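Heads up: the structure comes next, in structure tokens.
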Amino acid sequence: MRNPIQEYEAVEAAAMKFVRSVTEGDSSHARELFTDDAVLFGFLDGALERGSIEQFYRNVDSVSGGEGFKARIDVVAVEETLAVVRVLEEGWGGRIDFTDYLLLLKIDGEWKCVAKAYNQNSDTVRK
């Protein structure tokens with residue numbers, strides 16, 4: 001059975017905390033979204049990042065999205081207590097395009113992100 005549109009909107013609102021943090025260069029919004037034990041996986045300028053979501057917070061707090069930054073949220077799936085969100089980012093820090101996948105669980109009635117995996121578009125990798 002498909003979830004009602006209201007649930008998709010709740011997932012999108014949760015993911016907006018991620019986008020707001022990236023845009024503003026302030027991890028406080030994302031800290032409301034991610035669980036304390038959330039994990040991160042991806043390659044940033046060719047170097048593998050993996051482990052604690054704290055690495056994401058450090059990255060966000062050191063670089064804001066910038067003037068030309070754009071983001072789009074796509075709610076890919078919502079299945080009762082599980083959701084998958086894709087976030088497209090263009091121009092983070094003035095140069096990097098990302099595709100992020102966020103895995104969310106509905107915990108105590110609230111959508112929380114437990115994992116973030118991302119791809120840096122190859123034409124934005126600094127060697």
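Observations on the model:
- Counted charge near D36, where neighbours are those whose Cβ lies closer than 13 Å (Asp, Glu -1; Lys, Arg +1): -1
- Vicinal HN-Hα couplings computed from phi for segment 103-119 (Karplus, 6.51 cos²θ - 1.76 cosθ + 1.60; Hz; Gly/Pro x): 9, 10, 10, 8, 10, 6, x, 10, 6, 10, 8, 9, 7, 10, 10, 9, 10
- Cα centre as origin, Lys/Arg/Asp/Glu Cβ charges: the chain dipole, Debye: 320
- Number of Lys-Lys pairs in the chain with C-alpha atoms under 17 Å apart and a separation of 8 or more places or on different chains: 5.
- Charge dipole of segment 4-86 about the Cα centre (unit charges at C-beta), most positive-ward option of F69, Y8, S52: F69
- Computed Rg/Rh of the chain, alpha carbon atoms with Kirkwood Rh: 0.96
- Rounded to the nearest 500, the 222 nm mean residue ellipticity of the chain from helices alone is -8500 deg cm²/dmol, with -39,500 (n - 2.57) taken per DSSP H run of at least 4 residues.
Values in this text are rule-based calculations from the coordinates and carry no lab data. For clarity, every value in this text was computed on a predicted model and none was experimentally measured. Methodologically, a virtual Cβ is constructed for each residue, glycine included, from the backbone with ideal geometry; neighbour enumeration extends over all protein chains shown.
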